[in-house]
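Bear in mind these aren't lab numbers, they're just calculated from the coordinates by the rules spelled out. Just so we're clear, the structure is a prediction, and the values are computed from it rather than from any experiment. Cβ placement follows ideal geometry from the backbone for every residue including glycine, while neighbour counts extend to all protein chains displayed.
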Amino acid sequence: MPESMRLNNERRRAQEAYFCAQQASAETYAEEYKALVKKIPMRIKSSGLCATIAFMFAKASDDKQHRLLYTQLDTWLRKTGYVPPQLKQLAQAVIFLGNAEYRAVTNETLAFFAWLRRFSDGLIEKKTVTSHVAETNSETISG
């Protein structure tokens with residue numbers, strides 16, 4: 001793959017990850033989301049992509065942070081062409097991948113999560129710090 005094409009792919013991945021982290025930072029469960037973003041890559045490495053996707057799929061009905069992250073990953077993998085539009089669920093798509101495609105999707109997912117982790121660390125921490133500063137300022141003004 002030419003260097004310029006690789007950089008374009010990396011830039012698009014970073015842009016999508018930034019958007020996803022920004023979206024999550026506005027939610028009440030942002031800290032749980034951030035913790036999940038940090039755990040998923042290790043789960044993929046230890047249990048495999050298919051088992052991790054199945055876990056996220058199962059948890060998505062109960063936990064908002066799992067639902068959001070599952071949806072964001074599904075959206076990204078559809079944009080990159082790894083999930084065909086005719087399949088309704090990411091979980092279904094991963095099950096039917098051949099070996100080469102499975103490795104490619106695993107690598108793409110890990111690369112996406114590397115960016116997502118970086119941006120989640122920055123954006124979600126800033127929100128927490130900003131909230132704390134605002135609370136401290138309001139206490140100072142009222143006290």
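Taking D63 and the conditions (1) among the charged types (D, E, K, R); (2) crowded, with 16+ Cβ neighbours inside 10 Å; (3) within 18 Å of R13 (Cα to Cα), which numbered condition does it fall short on, given that it satisfies the others?
(3)
Among the candidates T75, T109, T80, single out the residue that is among the β-branched types (V, I, T) and crowded, with 18+ Cβ neighbours inside 10 Å. First the steps, then the outcome.
Details: T75 fails: crowded, with 18+ Cβ neighbours inside 10 Å; T80 fails: crowded, with 18+ Cβ neighbours inside 10 Å.
After ruling out the rest, the residue left standing is T109.
Output the residues belonging to segment 28-54 that are out of contact with any helix residue (DSSP H, G or I) (no Cβ under 6 Å at 6 or more places or on another chain), of a type in the set (S, T, Y) and under 26 Å from I95 (Cβ atoms).
S46, S47
Report yes if T28 is polar (S, T, N, Q) and farther than 18 Å from I124 by Cβ, otherwise no.
Values: polar (S, T, N, Q): yes; farther than 18 Å from I124 by Cβ: no.
Here the answer is no, as T28 does not meet what is asked.
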